[in-house]
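Encoded as structure tokens, the structure appears first; notes follow it.
Derivation of every value follows stated rules applied to the coordinates shown; laboratory data play no part. In this text, all values refer to a predicted model and were calculated from it rather than measured experimentally. A quick note on method: Cβ atoms are made from the backbone with ideal geometry, for glycine too, and the neighbour counts reach across all protein chains shown.
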């Protein structure tokens, strides 16, 4: 069974700390930083890895020095069995 879990997270960091926060987030398993603004907003995706579940990684984002808040803005989960619309997000999963 193939399992896919991806979460989109908006991270708000102190503006002067945003670049450093981005570097720390990139070191976390399953985490990718897509965008960083001058005022400290970061667009981040987090996926399950063999070492850690995405939800565990997301809970650690708020503990990074310089992070003010985190908001889950997207979630898609596919357990590899259906191919139906994911009811939690309305996203269509493809196989």
With a Förster distance of 22 angstrom and the Cβ-Cβ distance between residue 79 and residue 34, calculated FRET efficiency to the nearest 0.05 equals 0.30
Quick note on 43, 6, ordering by fewest other C-beta atoms within 10 Å, gives 43, 6
